[in-house]
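Written out below as structure tokens is the structure these notes cover.
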Amino acid sequence: MYCEVNEKERAGIINPIFTCQPCGAQYASIGIKECIGIVHGGQGCVMFVRLLFSQHFKESFEIASSSVHEDGAIFGALNRVEEAVDVLLMRYPDVKVIPIISTCSTEVIGDDIDGVVIKMNETLLPQKYPGREVHLIPIHTPSFVGSMVSGYDVAVKDFVSYFAQKGEPSEKINLITGWVNPGDVTALKHLLAEMDIEANVLFEIETFDAPLMPSGNHVAHGETTIADLIDTANAKGTIALNRYEGGSTAKYLQDEFDIPMIIGPTPIGIRNTDTFLKNLSEMTGKPIPESLIRERGIAIDAITDVTHMFLADKKVAIYGNPDLVIGLAQFCLDMEMKPVLLLLGDDNPNYKDDPRIQEFEKNVDYKMEIITNADLWELENRIKNDGLEVDLILGHSKGRFTAMDTNIPMVRVGFPVYDRAGMYRYPVLGYAGAMWLAETIANTWFIDMEYKKNRETILNVW
């Protein structure tokens, strides 16, 4: 078998690819308008995640902590949740949605956040904030299972299941973007606009790049509204772009409200973007316009300019969120490159059943290894000690030291990226993303040639 799926053999993690479940829930919450989450745990459960977001987006935004200390860890800390909700509502009069996100410590001690939400709905809210619209949503994301990917998936489902309410049928579709950047949302909304399709975009972070205005600094926030979330139960259909970041929500809407669903493929590259547009067309009855056919042609032309001459047969190692990694691998194969190592950073048992991975196992004609529950030491060890030959690394900034130590060029993609400026503005998805990826990979290779003083003879064109 040329393509093998194996679990990491070592116990423990050295330099993890992902962080924990509460991070994913916090990422989902920043996409909702008039929402500030409360992370029920120690301050570090907010501080370090907030640092990641700030490093990635270079933005200021709001998120709160119940700030559990030693006494709470021993005797319980539900009083900290009540105090946190009260302070948040007093300080931010426009806040309407407050997810209460659990962490490992508060799950271990057994704090009943569902119960305290019922209590506050019966006491604090009607007594102190009568007539004010407030939605308290418990989200269970213990850090000792899953990862930030599963935490995002859990939170998206919890938000939608809380708000979704059957009403009049809508002409909109639900588009669950998954863990993407603002630039990706812009690219997706462009495709929707060209096809004249209205959508509830979950979760909307296009405007998270907050401006500096003459009136003062603006705090970054998402744009998905309560009305959008309520309307998810009335849509013509749901498209979840990622299997592991929103797929469970699409299934929930189908099971609960009979909303037709399509999961994937993540529209990375020409092939997957074509499929995404066909799915949109079939779900809505709207034709794919000539403008997008032309856009597709421009992207194919740009990719053709660099693929065979410069990128064919280059060996690639990829790590990051699973849907992103698999989509990038598909894109690399379409560009005649050879993904030789895919690192998936959690122990999801469903990876082997993923039809995209099964397609790799069936069609790849060279040695490709997919490692689950992987870490970045696995990448470094394969290259330094096991003799794995790699021409390029694709992944987020946490793997940069391996690239530096092994003298292998690296394209930053995924989350978090903090050692390159403005990367969150550039899409990976859609035809625009395919063009950006191909040209960025080529340019990274050209810069590496200059750095190493290599001549053009190493390129396929010669």
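When we screen Pro142, Pro138 for residues that are in contact with a Ser or Thr (Cβ under 7 Å, 6 or more places away or on another chain) and either assigned by TED's automatic domain parsing to the domain that holds Glu82 or crowded, with 21+ Cβ neighbours inside 10 Å (or both), the only hit is Pro142. Under the condition of being buried (at least 21 other Cβ atoms within 10 Å of the Cβ) and of a type in the set (A, V, I, L, M), the residues counted in the stretch 207-232 number 2. Residue pairs whose Cβ atoms lie under 7 Å apart, separated by 6 or more positions or on different chains, with the first residue in the stretch 237-261 and surrounded by fewer than 24 Cβ atoms within 10 Å (Cβ to Cβ) and the second of a type in the set (Lys, Arg) and in a loop (DSSP other than H, G, I, E, B), are Phe257/Lys166. Note down all Cβ pairs under 6 Å where the first residue falls in the stretch 162-184 and is among the hydroxyl-bearing types (Ser, Thr, Tyr), the second is part of a loop (DSSP other than H, G, I, E, B), and they're at least six residues apart or on different chains. Once the first residue is among the hydroxyl-bearing types (Ser, Thr, Tyr) and sits in the stretch 162-184, its partners that are part of a loop (DSSP other than H, G, I, E, B) give Ser170/Ala235; Thr177/Leu241. Of the listed requirements (1) closer than 24 Å to Gly269 by Cβ; (2) crowded, with 20+ Cβ neighbours inside 10 Å, Ile447 misses just one: (2). Pairing residues of the stretch 414-430 that are in contact (Cβ under 8 Å) with a residue 40 or more places away in the chain with residues that are crowded, with 22+ Cβ neighbours inside 10 Å and among the hydroxyl-bearing types (Ser, Thr, Tyr), at Cβ distances under 6 Å and at least 6 apart in sequence or on separate chains, gives Gly430/Thr273.
Yes or no, residue by residue, for (1) in contact with a Leu (Cβ under 6 Å, 6 or more places away or on another chain); (2) modelled with pLDDT under 95; (3) part of a strand (DSSP E or B):
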position: Ile137; (1), (2), (3): no, no, yes
position: Thr141; (1), (2), (3): no, no, no
position: Glu168; (1), (2), (3): no, yes, no
position: Asp196; (1), (2), (3): no, no, no
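Residue by residue, here is whether (1) acidic (Asp, Glu); (2) in contact with a strand residue (DSSP E or B) (Cβ under 7 Å, 6 or more places away or on another chain); (3) over 20 Å from Ala434 (Cβ atoms) holds:
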{"site": "Trp179", "(1), (2), (3)": "no, no, no"}
{"site": "Gly183", "(1), (2), (3)": "no, no, no"}
{"site": "Asp209", "(1), (2), (3)": "yes, no, yes"}
{"site": "Pro214", "(1), (2), (3)": "no, no, yes"}
{"site": "Val219", "(1), (2), (3)": "no, no, yes"}
{"site": "Glu223", "(1), (2), (3)": "yes, no, yes"}
{"site": "Asn234", "(1), (2), (3)": "no, no, yes"}
{"site": "Asn242", "(1), (2), (3)": "no, no, no"}
{"site": "Ala250", "(1), (2), (3)": "no, yes, yes"}
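Of Glu198, Glu204, Glu168, all but one fail to be more than 26 Å from Asn272 (Cβ to Cβ) and not basic (Lys, Arg); the exception is Glu168. If you take the residues of the stretch 321-378 that are closer than 19 Å to Asp391 by Cβ and acidic (Asp, Glu), which of them is surrounded by the fewest Cβ atoms within 10 Å (Cβ to Cβ)? Among those that are closer than 19 Å to Asp391 by Cβ and acidic (Asp, Glu), it is Asp365. Across the stretch 204-216, not a single residue is classified as in contact (Cβ under 8 Å) with a residue 24 or more places away in the chain and over 23 Å from His190 (Cβ atoms). When the stretch 9-19 is filtered for residues that are at pLDDT 90 or above and either over 14 Å from Phe415 (Cβ atoms) or touching a Phe, Trp or Tyr at 6+ places or on another chain (Cβ under 6 Å) (or both), the ones remaining, listed by number, are Ile14, Asn15, Ile17.
Being closer than 19 Å to Ile408 by Cβ, touching a strand residue (DSSP E or B) at 6+ places or on another chain (Cβ under 7 Å) and hydroxyl-bearing (Ser, Thr, Tyr) is the requirement here; does Tyr366 meet it? Here the answer is yes, as Tyr366 does meet what is asked.
A count restricted to the stretch 221-275 and to residues that are assigned to a loop (DSSP other than H, G, I, E, B) and closer than 24 Å to Gln21 by Cβ stands at 10. Among the residues of this structure, Glu245 counts as one that is of a type outside the set (Ser, Thr, Tyr) and under 19 Å from Tyr152 (Cα atoms). In the stretch 50-94, of all residues being part of a helix (DSSP H, G or I) and among the charged types (D, E, K, R), the one that is nearest to Val417 (Cα to Cα) corresponds to Arg50. Restricting attention to the stretch 23-71, which residues are touching a Gly at 6+ places or on another chain (Cβ under 9 Å), among the small types (Gly, Ala, Ser) and buried (at least 23 other Cβ atoms within 10 Å of the Cβ)? Those that are touching a Gly at 6+ places or on another chain (Cβ under 9 Å), among the small types (Gly, Ala, Ser) and buried (at least 23 other Cβ atoms within 10 Å of the Cβ): Gly24, Ala25, Ala28, Ser29, Gly31, Ser66. Identify the residue in the stretch 420-432 that is at pLDDT 95 or above, outside any loop (DSSP other than H, G, I, E, B) and not aromatic (Phe, Trp, Tyr) and, among all such residues, is surrounded by the fewest Cβ atoms within 10 Å (Cβ to Cβ). Filtering the stretch 420-432 for residues that are at pLDDT 95 or above, outside any loop (DSSP other than H, G, I, E, B) and not aromatic (Phe, Trp, Tyr), the one surrounded by the fewest Cβ atoms within 10 Å (Cβ to Cβ) comes out as Ala432.
Meeting the requirement of 1 or more residues that are in the same structural domain as Asn181 (by TED's automatic domain parsing) and closer than 21 Å to Glu9 by Cβ, no strands (runs of 3 or more DSSP E) wholly within the stretch 316-419 can be named.
The values are calculated or read from the model by the stated rules, or taken from the named source; none is laboratory data. Predicted model, so just to flag it, every value in this text is computed and none were measured. Glycine also receives a Cβ, built like all others from the backbone with ideal geometry; neighbour counts cover every protein chain displayed.
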